Each structure stands twice: as C-alpha cells, then as structure tokens.
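Asks: Mind having a look at this structure? Questions to follow.
The values are calculated or read from the model by the stated rules, or taken from the named source; none is laboratory data. Model, not experiment: these values are computed from the prediction. Using ideal geometry, Cβ is built from the backbone for each residue, glycine included, and neighbour counts are taken over all protein chains shown.
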Amino acid sequence: MPHVSDVVLNDLHDGTLDPGVLDGVQRHLLACRACRARSDGQLDLRRRLGGLPRSVEPQSPLWRGIRARIEAERPVVAIDQAPVVARRPPRWLLLAAAAVTLVVASSAATLLLVDGGPGRARTGIGAFAPLPASADPAARFAEAEAAYLAAATELMAVVERERRNLPPDVAERAERALALIDQAVWETRAALASDPHNRALAQMALTAHERRLEFLQRIARWSTES
Amino acid sequence: MRRSLIVLTAALGLFFTLGSSFHRTAHAQQRVNQRQAATADGLLRIHNLVGSVRVVGWDRDTIAVSGTIGSGAFYFAVGKGSGKMGVELPDGTAQARATGKTEGRDVTGSTLEVWVPRRTRVWVKTASASITVDDVTGGVDLYSVGGSIRVSGAPQDLHAESMDGAVELDVTTAAARIRSAGGAVTLRGAIENAVASSVSGSITVVGARLQRGRLETVTGDVRYEGAVERGSSLDFESHAGTITLVVPIDVSADFDVTAFNGDIRNGIHRVLPRLGNDLRSKSLSFTAGDGGAQVTIRNFKGGIELLGR
C-alpha cells in the first residue's frame with residue numbers, strides 16, 4: 001500500500017474515513033514507521049490545540065479601544081437577511097494553519113522564556129525540556145510500542161508469505177479478526193495520544209498490541225503448519 | 001414393448017447408481033478398533049482434521065481407539081512414553097481442511113473415540129473436527145481452527161485454542177489458557193489460574209471458582225456470574241464488548257473499574273462512578289464487604305455492569 005496522505009490521516013482522526021479503506025490504512029500505519037510518525041504528529045498537534053484556550057483577550061488598553069470601535073461599527077443584520085455562509089475550509093487546511101500558528105506561538109514562548117533568563121519557571125507551549133526516557137511514561141510507552149511493532153512487522157511478513165497455505169475461508173476469517181484487533185490498537189493509541197500520561201490507557205494500548213502480536217503468531221503458526 | 005424398455009433402463013440406471021454410491025461409502029467409511037499397551041503418564045498426539053475426536057481417561061495402561069475412518073489413512077503407534085494417532089488426508093486435500101470440501105471433491109470426516117490412561121498428556125489438533133476430552137488428569141493441549149472444544153474433568157493443566165469453534169470447559173485444574181477468535185468461550189468448575197482471550201467471541205464464566213483470572217475480548221461480551229473467592233485476583237478487559245459481573249450482594253472485594261468511553265452501572269455498591277479529567281472516562285474504586293480480593297475491570301468503549309444477586 002502507498003503511503004497515507006495527510007488528508008486521509010485527518011479523515012481517519014476525524015472518524016470520517018471511508019470504511020472501505022479503513023482497515024488498509026490502519027494496517028499500513030501499524031507497519032509503516034514514517035506514516036505512523038506523521039499520524040502521531042497530527043494527533044499530538046490536536047492534543048496541544050485542544051489544550052489551548054478558545055480565545056485570548058489581550059490586556060492592552062489599545063486593543064480594548066480598537067475592539068470597542070469594531071463593535072460599534074459592526075453592521076446590524078436583519079433577521080430575514082440570512083448571511084452568506086462561507087464554504088468551510090477542509091480540516092487539514094485548518095490544522096495546517098493551526099500548526100503554523102502553534103509553531104509561531106511556541107517559538108514566541110520559547111523566546112520569552114529565554115529572555116526571562118535562567119531560573120524562571122519553564123512553562124508554556126513547546127517550552128518543556130525533553131525528559132529522560134526512563135522518567136516519561138509516554139516515552140516508555142513509545143519504547144514498548146516500538147518493540148511490539150517491530151515484532152509484529154516480522155510476523156506480518158511471515159503471514160503474507162505463507163497465507164496461501166491457509167484454506168481461503170480460514171484466511172478470510174483470520175483477516176476479519178485481525179481487522180478488529182487492528183482497529184482496537186488504533187483507537188487506544190489515538191486516545192493515548194490525546195492523554196499521553198494516562199497509565200491505564202497506556203496499559204490498554206499495550207495490551208491491544210500484545211493481543212495483535214499473539215494473534216499474528218497464531219495465524220503464522222496455522223499458515224506454516226497447514 | 002417400448003414402455004417396458006424404458007422401465008428396464010430406468011431400473012438398471014437406479015441399480016448402478018445405488019451400487020456405485022454404496023461402493024464409495026463402503027470404501028470411505030472404514031471401521032477401526034485397535035488397542036496398544038502404553039505407559040500411565042505418557043504423551044499421546046492425535047491429528048484428525050475433519051470429523052470428531054473424543055478422548056476419555058480410564059484406569060488401564062492401554063490406549064484404545066474405535067471409530068470410523070473417512071477420507072485418508074489411519075495411523076496409530078505407541079513408543080516409549082509417547083504415541084501418535086490420526087488420519088492423514090490424501091494429497092491435494094490440504095485446502096479442504098477447514099471446510100471439508102476441495103474443488104468439488106468430498107472429504108469424509110473421521111470419527112475417533114480414544115481411551116487413554118487417565119494421567120496421559122493429550123495433544124489434539126483438528127481443522128473442522130470437534131474435540132471432546134473427559135476425565136483426563138494429565139495435561140491437555142487442544143487446537144482447532146473451526147471445530148468446537150469441550151473439556152470436563154480434572155486435567156493437570158489445559159490449553160485450548162480455536163478460531164471459530166465454541167470452547168466449553170467444566171474443569172478443576174491448576175491452569176487453563178483459552179484462546180478464541182470468533183467462537184464463544186464458557187468456563188465452569190474450579191480453576192486456580194485462568195486466562196481466556198477472544199476477539200469477537202463472548203466469554204462467559206458461570207459458577208466457576210477462579211483464584212486468578214484474566215478474561216479479555218476485543219468486541220465480544222464478557223459475563224462473570226458467581227462468587228469472588230477470598231484472596232483471588234480477577235482482571236476483565238474489553239475494547240468494545242460489554243462486561244457484566246453478577247456477584248453475591250454480600251461480596252467482599254476491592255473493585256477498580258474504568259470505562260474510557262462507555263458507561264458504568266454499579267448495582268452492588270452505593271458509590272457512583274467518577275468522571276475523568278477528559279470529561280469522558282469514568283472510574284470507580286470501592287471496597288465491598290471486608291475486601292480481600294481484587295477485581296479490576298477496564299473497558300475502552302463498551303459498558304460495564306456490576307450486578308448483585
């Protein structure tokens with residue numbers, strides 16, 4: 001399968017991806033490190049955007065004056081004059097724009113912190129120093145997941161190579177079960193991306209990986225022993 | 001004259017058709033009835049892909065088999081401490097193993113009924129054939145792709161694996177490990193350490209006594225109905241199936257329950273679920289009675305029900 005486009009990734013995360021291609025996309029993401037990294041990047045971006053306030057009111061008196069004038073000059077729209085609804089840009093475009101905003105905000109925050117000099121509390125978007133792997137549950141999860149995925153990729157290669165040995169109906173049933181497991185893996189890790197320090201969720205995501213690995217082992221065994 | 005000729009032709013046709021069919025049946029269905037001396041606690045491997053296998057433990061140092069052999073050749077050999085038995089299908093029927101059919105050619109299943117010394121370690125592998133094991137006290141390893149598996153008695157330990165067949169256990173054992181994909185799993189009896197996993201098949205525990213249990217599904221429902229033993233540890237996990245516990249109203253255990261995207265219904269204690277920081281997940285922690293047992297339940301998007309009886 002070719003690499004997954006950003007549009008498809010966004011649809012996947014929005015839950016609007018065509019069910020006909022859902023299994024294939026999830027399977028590809030679990031096997032392809034590059035696409036998975038892009039997907040994780042999008043999920044991380046969503047999580048960080050979700051943590052931002054919906055609006056920030058600048059405290060400057062100058063802005064208050066400008067706002068008062070804008071409010072005063074806003075035309076009154078009659079009830080029967082429905083405003084023209086602008087076509088909503090696609091989600092990926094909004095996210096791309098938001099990404100640029102976030103990078104700018106992050107850079108600005110970092111600059112502010114640097115200006116603040118040493119000893120100031122390091123808070124704000126993008127201002128956290130990387131933690132040692134052993135201290136960060138998210139990093140520990142990433143390490144464990146990488147090991148599961150590497151093993152699963154090897155097993156998947158065996159399954160792909162040997163599956164012709166399975167009777168077609170068995171292969172089909174195994175494929176259906178694997179699609180359910182893939183979906184479970186995908187949904188738990190997507191939830192974890194939104195809440196990376198949730199230990200119970202991390203445990204569930206790892207259990208889902210373990211289940212996938214175990215099932216792939218079973219299919220590989222059936223294939224090679226048939 | 002012409003009418004008589006038609007009747008005669010039809011009669012002859014019917015005769016040859018029946019005759020040919022009878023010959024094929026007689027050829028395909030051979031009776032088998034053999035026995036060999038065996039050690040009391042040896043290993044027996046049984047391989048029968050289509051049909052059925054029933055293994056019964058008895059108090060003799062003999063392995064005996066009776067049944068009918070369909071397609072393929074029967075083999076049975078006992079060596080020092082181990083034996084093997086089974087039906088080897090003819091070449092070219094490998095693709096028929098799960099369904100019993102291949103490219104329009106029938107595969108007739110074989111029915112094996114096997115008596116083994118009670119302490120024998122039994123290993124059975126089938127494709128669509130069902131497996132039944134009764135009264136064996138040695139270890140039991142059972143694998144089937146689509147056949148059902150049923151075990152009763154007190155095996156030393158038990159491993160049962162089926163993809164689509166139902167797995168039913170009514171056993172007293174130290175350890176049971178059951179894996180299914182689409183088939184339903186049902187547990188009864190007394191199991192010190194039980195691990196059961198399934199994908200879309202349900203897992204039901206009825207009146208069983210588990211000391212340590214881990215029951216998990218992806219989309220299948222999980223239902224546990226019975227007591228919670230003092231000092232026991234029970235883990236339930238599902239991704240999208242409903243998890244239901246029906247326990248005595250005076251149960252003593254520490255409960256740790258989390259539903260990430262589903263509801264929790266607590267019918268055994270007054271404590272209400274707490275909403276998580278994400279405003280979506282719900283969790284519940286409480287001690288019922290004097291505690292002394294640990295019950296952990298995790299569900300990603302299915303519901304959780306705790307019911308008293």
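Asks: For residues in segment B:284-295 being within 23 Å of residue B:217 (Cβ to Cβ) and buried (at least 17 other Cβ atoms within 10 Å of the Cβ), which is nearest to the other protein chains (Cβ to nearest Cβ)?
Replies: Applying the filter and picking the extreme gives B:284.
Asks: Also: Considering only segment A:143-184, state which residues are in contact (Cβ under 8 Å) with a residue 40 or more places away in the chain and either closer than 18 Å to residue B:147 by Cα or in contact with a strand residue (DSSP E or B) (Cβ under 9 Å, 6 or more places away or on another chain) (or both).
Replies: A:166, A:167, A:170, A:174 - these are the residues of segment A:143-184 that are in contact (Cβ under 8 Å) with a residue 40 or more places away in the chain and either closer than 18 Å to residue B:147 by Cα or in contact with a strand residue (DSSP E or B) (Cβ under 9 Å, 6 or more places away or on another chain) (or both).
Asks: For residue B:160, only one of the following conditions fails: (1) surrounded by fewer than 20 Cβ atoms within 10 Å (Cβ to Cβ); (2) within 14 Å of another protein chain (Cβ to nearest Cβ); (3) over 26 Å from residue B:301 (Cβ atoms); (4) of a type in the set (A, V, I, L, M, F, W, C). What is its number?
Replies: Among (1) surrounded by fewer than 20 Cβ atoms within 10 Å (Cβ to Cβ); (2) within 14 Å of another protein chain (Cβ to nearest Cβ); (3) over 26 Å from residue B:301 (Cβ atoms); (4) of a type in the set (A, V, I, L, M, F, W, C), residue B:160 violates only (1).
Asks: Still on this structure, please answer the following. Looking only at segment A:184-199, filter to residues that are more than 8 Å from chain B (Cβ to nearest Cβ) and in a helix (DSSP H, G or I); which one of those is surrounded by the fewest Cβ atoms within 10 Å (Cβ to Cβ)?
Replies: Of everything passing the filter in segment A:184-199, A:199 is surrounded by the fewest Cβ atoms within 10 Å (Cβ to Cβ).
Asks: Of the conditions (1) at pLDDT below 95; (2) under 19 Å from residue B:178 (Cβ atoms), residue B:276 satisfies every one except a single condition; which number is it?
Replies: That leaves (2) as the condition not met.
Asks: Going by the conditions given, is residue B:215 in a strand (DSSP E or B), under 20 Å from the mean Cα position of the chain (by Cα), aliphatic (A, V, I, L, M) and at negative phi? Before the answer, list the steps.
Replies: Values: in a strand (DSSP E or B): yes; under 20 Å from the mean Cα position of the chain (by Cα): yes; aliphatic (A, V, I, L, M): yes; at negative phi: yes.
In short, yes.
Asks: Taking the criterion of being surrounded by 20 or more Cβ atoms within 10 Å (Cβ to Cβ), among the aliphatic types (A, V, I, L, M), within 14 Å of chain A (Cβ to nearest Cβ) and touching a helix residue (DSSP H, G or I) at 6+ places or on another chain (Cβ under 7 Å), would at least one residue in segment B:259-278 satisfy it?
Replies: Within segment B:259-278 (the criterion being surrounded by 20 or more Cβ atoms within 10 Å (Cβ to Cβ), among the aliphatic types (A, V, I, L, M), within 14 Å of chain A (Cβ to nearest Cβ) and touching a helix residue (DSSP H, G or I) at 6+ places or on another chain (Cβ under 7 Å)), the answer is no, since none of the residues qualifies.
Asks: Additional query: Among the strands (runs of 3 or more DSSP E) contained in segment B:1-61, which hold 2 or more residues that are within 30 Å of residue B:157 (Cα to Cα), modelled with pLDDT of 50 or more and polar (S, T, N, Q)?
Replies: On the way: elements: B:30-37, B:43-47, B:51-58.
Those strands (runs of 3 or more DSSP E) span B:30-37.
Asks: Moving to a separate point now. Does segment B:246-254 include one or more residues that are of a type in the set (D, E, K, R), under 12 Å from residue B:304 (Cβ atoms) and not in a loop (DSSP other than H, G, I, E, B)? Step through it out loud before you land on a result.
Replies: Taking segment B:246-254 first, the residues of a type in the set (D, E, K, R) are B:250, B:254.
Now narrow it down to the ones that are under 12 Å from residue B:304 (Cβ atoms): none.
Scanning segment B:246-254, I find no residue that is of a type in the set (D, E, K, R), under 12 Å from residue B:304 (Cβ atoms) and not in a loop (DSSP other than H, G, I, E, B), so the answer is no.
Asks: Filter segment B:194-215 down to residues that are surrounded by 24 or more Cβ atoms within 10 Å (Cβ to Cβ) and either within 14 Å of chain A (Cβ to nearest Cβ) or of a type in the set (Lys, Arg) (or both), then give me how many there are.
Replies: Total satisfying the criteria: 7.
Asks: Within segment A:200-220, does at least one residue satisfy the condition of being outside any helix (DSSP H, G or I) and either facing chain B (nearest Cβ under 9 Å) or buried (at least 19 other Cβ atoms within 10 Å of the Cβ) (or both)?
Replies: Residues of segment A:200-220 outside any helix (DSSP H, G or I): none.
No, there is no match, as no residue in segment A:200-220 is outside any helix (DSSP H, G or I) and either facing chain B (nearest Cβ under 9 Å) or buried (at least 19 other Cβ atoms within 10 Å of the Cβ) (or both).
Asks: Out of segment B:229-258, which residues are within 21 Å of residue B:272 (Cβ to Cβ) and more than 14 Å from every other protein chain (Cβ to nearest Cβ)? Don't jump to the end; show me each part of the working.
Replies: Applying the first criterion (within 21 Å of residue B:272 (Cβ to Cβ)) to segment B:229-258 yields B:236, B:242-247, B:249-258.
Answer for segment B:229-258, where residues must be within 21 Å of residue B:272 (Cβ to Cβ) and more than 14 Å from every other protein chain (Cβ to nearest Cβ): B:242, B:244, B:245, B:246, B:247, B:249, B:250, B:251, B:252, B:253, B:254, B:255.
Each row is one residue, and each column tells you yes or no for (1) more than 23 Å from residue B:140 (Cβ to Cβ); (2) of a type outside the set (Ser, Thr, Tyr).
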{"residue": "B:158", "(1), (2)": "no, yes"}
{"residue": "B:181", "(1), (2)": "no, yes"}
{"residue": "B:193", "(1), (2)": "no, yes"}
{"residue": "B:200", "(1), (2)": "yes, no"}
{"residue": "B:231", "(1), (2)": "yes, yes"}
{"residue": "B:248", "(1), (2)": "yes, yes"}
{"residue": "B:257", "(1), (2)": "yes, yes"}
{"residue": "B:261", "(1), (2)": "yes, yes"}
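Asks: For residue B:303, are the conditions met, namely being more than 15 Å from residue B:225 (Cα to Cα), crowded, with 17+ Cβ neighbours inside 10 Å and away from chain A (no Cβ under 11 Å)?
Replies: In short, yes.
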